[in-house]
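The values are calculated or read from the model by the stated rules, or taken from the named source; none is laboratory data. What you see is a predicted model, and the numbers here were worked out from it, not measured in a lab. Every residue, glycine as well, gets a Cβ built from its backbone with ideal geometry; the counts of neighbours run over all protein chains shown. Surface accessibility is based on the protein's heavy atoms, side chains included, excluding ligands, DNA and RNA. Shrake-Rupley method; radii C 1.70, N 1.55, O 1.52, S 1.80 Å.
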Amino acid sequence: MKKNKKFINYLILIFLVIVMNFLLPKLLPGNPLAYIVGEDIGMLTAQEKAQLISDYNLDKPLYIQFIQYIKNIITLNFGMSFSKKLPIFDVVKSATLWTLLLSTLNIIISTLLGSYLGLKSAMKKKEKSLKMNLFVSSLSCFPLFWISMILLVLFSVKLTIFPSFGAYTVYGDFNIITRLLDVLTHLILPLTAMVITSISSFYIQMRVSVLEVLNEDYIFMAKVKSIPDEVIKKKYILRNSLLPVFTIFMLNIGYIFSGSIVVESVFSYPGLGKIMFDSIIARDYPLIQYCFLTISTMVILSNYIADKLYKYIDPRVVDKV
């Protein structure tokens with residue numbers, strides 16, 4: 001019963017996001033065509049305005065518009081992007097794949113590297129871990145935008161080691177291997193910027209968790225029983241310390257589609273964040289609307305998946321999920 005209630009709550013939340021996304025342009029002051037077309041509304045003829053009103057069902061009652069809106073979502077018919085001159089679904093689909101690649105690698109690398117450094121720091125003596133604590137913790141103090149700009153200027157402009165923008169080279173003769181290498185070289189700088197700002201949360205949580213586990217009675221008893229240090233480290237310390245880290249990992253998955261807007265904008269990486277930024281600049285309101293819908297839905301789905309997976313990591317919460 002609790003599981004069904006949890007699932008229903010997520011469905012209700014998605015429905016509320018859809019309703020809000022539908023009502024948002026209706027609640028804006030002014031002519032609805034100004035929301036759709038933007039500043040170019042003054043260039044439209046009366047016939048073109050009438051055609052747009054008909055195309056967007058603005059001449060229909062509100063409930064008819066909502067039914068058509070739901071139908072368009074189900075059929076993935078989001079309309080055309082005014083700035084890209086392409087179907088919105090095609091724009092969002094390709095951008096989502098690039099964001100998924102960048103953000104997924106960031107979460108994996110940040111989790112593994114931050115957890116490893118946190119474990120090493122907690123196992124060292126206090127004096128030896130101070131420098132590592134200061135260095136890693138200070139990384140979170142630097143804005144992502146600033147770090148991205150520093151990497152861009154240093155490695156793209158000054159040293160010209162990596163490309164300065166995009167996700168791949170548009171022109172060139174590439175086979176599968178060279179194309180993968182090309183995508184990788186474009187990925188390194190934005191990925192590095194994201195890892196630098198993401199690693200500290202995993203490091204701090206892992207270090208705190210390990211220090212707490214080291215003070216537990218079962219660790220003392222394991223040492224009394226002369227269990228090898230490596231066994232204690234892997235089966236007792238590491239396993240029990242990973243639970244809080246997993247919580248942060250799942251929270252980051254929830255923002256996998258919305259956490260890269262800044263870095264994508266700096267490096268002109270063609271992900272969902274860059275598309276949304278460009279659509280705001282171009283006042284491409286229909287594209288903004290469906291980018292928001294995509295990101296919101298993905299956040300909700302990611303949190304639902306996190307809830308379902310958590311019980312396999314920590315059996316104590318089975319009855320709560």
Residues of the range 75-119 satisfying the condition of being basic (Lys, Arg) and either without any contact (Cβ under 8 Å) to a residue 12 or more places away in the chain or in a helix (DSSP H, G or I) (or both): Lys85, Lys93
Scope the range 81-108; condition modelled with pLDDT of 85 or more, crowded, with 17+ Cβ neighbours inside 10 Å and over 13 Å from Lys274 (Cα atoms); matching residues: Ile88, Phe89, Ser103, Asn106, Ile107
Determine if the range 207-218 includes at least one residue that is more than 25 Å from Phe15 (Cα to Cα), basic (Lys, Arg), surrounded by fewer than 17 Cβ atoms within 10 Å (Cβ to Cβ) and more than 16 Å from the chain's Cα centre (by Cα). no
Given the criteria open to solvent by less than 100 Å² (accessible area, probe 1.4 Å) and closer than 22 Å to Gly271 by Cβ, does Pro163 qualify? yes
Evaluate the range 63-80: report whether one residue or more is at pLDDT below 85, open to solvent by 70 Å² or more (accessible area, probe 1.4 Å) and of a type in the set (Phe, Trp, Tyr). yes
Do we find that Asn21 is in a helix (DSSP H, G or I), modelled with pLDDT of 75 or more and under 21 Å from Ile281 (Cα atoms) in this structure? yes
I want to confirm something. Restricting to the range 174-206 and keeping residues that are under 20 Å from Phe267 (Cα atoms) and among the polar types (S, T, N, Q), which single residue is least open to solvent (accessible area, probe 1.4 Å)? Ser198
Qualifying residue in the range 109-125 (condition: of a type in the set (Ser, Thr, Tyr) and touching a His at 6+ places or on another chain (Cβ under 7 Å)): no
Can you find even one residue in the range 164-180 that is part of a helix (DSSP H, G or I), of a type outside the set (A, V, I, L, M, F, W, C) and closer than 23 Å to Met132 by Cα? no
Would you mind finding the one in Ile295, Ile305, Ile275 that is touching a residue at least 40 places away in the same chain (Cβ under 8 Å) and under 24 Å from Phe7 (Cα atoms)? Ile305
Apart from one, (1) modelled with pLDDT under 90; (2) within 15 Å of Val195 (Cβ to Cβ); (3) not acidic (Asp, Glu) all hold for Ser129; the odd one out is (2)
